[in-house]
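A short worksheet on the structure shown next.
The values are calculated or read from the model by the stated rules, or taken from the named source; none is laboratory data. Because the structure is a prediction, the values reported are computed rather than measured. Because the Cβ atoms are built from the backbone with ideal geometry, glycine has one as well, and the counts that use them run over all protein chains shown. Accessible surface areas use protein heavy atoms only, side chains included; no ligands, DNA or RNA. Shrake-Rupley method; radii C 1.70, N 1.55, O 1.52, S 1.80 Å.
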Amino acid sequence: MRGRWLTSAVHAGYTGALRPVLFRVGDGDPEVIHERMIETLSWVPEPMLSGLRGLLAPADDPVEVSGLRFRNPVGLAAGLDKNGRAPLAWPALGFGFVELGTVTPRPQPGNPIPRMFRLVEDRAIINRMGFNNDGAPDLANRLTRLGVTRGNNRLGVPLGISIGRNKLTSNEHATDDYLAALRAVAGVADYVAINVSSPNTPGLRALQTRAALEELFGELDEARRDIDHHDPVPIWVKVAPELTWAELDDVVAAAENSGVNAIIATNTTLDRVRADGSALQSRHAAEAGGLSGEPLTRKAREVVSYLARHTDLPIIGSGGVTSPDAALALRDAGARLVQVYTGFIYSGPALVRAIAEDWASTDKPADTEELS
Ligand SMILES: Cc1cc2nc3c(=O)[nH]c(=O)nc-3n(C[C@H](O)[C@H](O)[C@H](O)COP(=O)(O)O)c2cc1C
């Protein structure tokens, strides 16, 4: 009961007081406030984060996926803290796991600014960041300085790192980039997510064919076994929402054949319609890039549902989780965990709590694997 009251209070505080201010900072360029928010969070002292966590984090509702124990099923999606500047803050805000990145083997600036747009009327974001990041070695070093090593639970929750290829690397040489990034982060990540689905790196999505994935996954599988023969780091793959059912079959076949451990569905979409098929309302609707948030809810659920019916690999739902109901619908479609980005921007930490509370208090599908 206290939990629900607190969730409502945190929601009211964020949407009523903090969000109106945040959305005006930097003349309304969302990237400015985004960077400042992460910078601020990175300075919060650890004892204060622990206090915040005691207040904000939902009660534990553990789930096991890929041999990892997730405190609750709500994760921070890739892209929000690409360079791992505030890794300790996200569990304090209630997240049950954290995915940093996407990082590439070498640092790169990404696309020209502006490249992130809020579509408030549509509860959505369009971004064309283009993997702006400090590079996989930099992220690994920062985490190491913080005391993170794979499996030591320094964050108190599992830590995933998403990796991609550099913009100037051709798909022909993409495997080398993924291998370099994997080697850089394997010592600090509890799982590594393979991003072959960002729409903002030209040609990247073409890696989602069966042949390309089999080559990529095969090499990554070999590399992770070289790094740790006894306990190779789990590998997850993240797919685009636009794949046809036949293409999803290919992803599943490639993943199952090469020991990939889970599939994240989905990344942002290039479609420009609302979930009910109507046109987007925001003035930014025609911006180039990937669309996330509410318009993606239905599509992500369809993809999760298809995958869950065609593979026993765990599915992690990402896309349009802007309410507890959207999260539960993904669970009903077969997702074992969910990740949130856009919903967090619009609703703040209360959304994480509300999803976790509803997830814990409602019936679960019979085959959901749980810890006692
Ligand atoms: C500004 C922005 C940057 C993103 N960057 C990445 C990224 O680097 N890697 C990645 O795998 N996904 C990235 N995503 C996609 C999110 O992780 C997520 O899959 C997608 O936004 C759908 O979830 P949502 O509707 O909760 O936002 C990004 C999304 C946004 C809005």
### Query
Got at least one residue in the stretch 326-341 being closer than 23 Å to Y306 by Cβ, open to solvent by 10 Å² or more (accessible area, probe 1.4 Å), hydroxyl-bearing (S, T, Y) and out of contact with any helix residue (DSSP H, G or I) (no Cβ under 6 Å at 6 or more places or on another chain)?
yes
### Task
Those residues that are within 22 Å of R128 (Cα to Cα) and in contact (Cβ under 8 Å) with a residue 40 or more places away in the chain, I need them from the stretch 32-74; list them, please.
H34, I38, E39
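Table: residues versus (1) closer than 28 Å to A92 by Cβ; (2) over 20 Å from the mean Cα position of the chain (by Cα); (3) open to solvent by 30 Å² or more (accessible area, probe 1.4 Å).
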position: P158; (1), (2), (3): yes, no, no
position: T175; (1), (2), (3): no, yes, no
position: A253; (1), (2), (3): no, yes, no
position: I263; (1), (2), (3): no, no, no
### Task
Taking only the stretch 275-297 into account, find how many residues are surrounded by fewer than 19 Cβ atoms within 10 Å (Cβ to Cβ) and more than 23 Å from T201 (Cα to Cα).
8
### Task
Find the residue count for the stretch 327-358, including only residues that are assigned to a helix (DSSP H, G or I), more than 9 Å from the ligand (Cβ to nearest atom) and of a type outside the set (K, R).
17
#### Entry: Residue list for the stretch 13-44, filter: farther than 23 Å from L88 by Cβ and surrounded by fewer than 14 Cβ atoms within 10 Å (Cβ to Cβ)
G16, A17, P20, V21, R24, D27, G28
### Query
Can you name the residue in the stretch 102-152 that is among the polar types (S, T, N, Q) and within 9 Å of the ligand (Cβ to nearest atom) and is also surrounded by the fewest Cβ atoms within 10 Å (Cβ to Cβ) among such residues?
N132
### Filtered residues of the stretch 75-99 (kept if touching a Phe, Trp or Tyr at 6+ places or on another chain (Cβ under 9 Å) and within 11 Å of the ligand (Cβ to nearest atom))
G75, L76, A77, A78, G79, L80, D81, K82, E99
### Query
What is the residue count in the stretch 291-316 for residues that are within 16 Å of the ligand (Cβ to nearest atom), in a helix (DSSP H, G or I) and touching a strand residue (DSSP E or B) at 6+ places or on another chain (Cβ under 9 Å)?
9
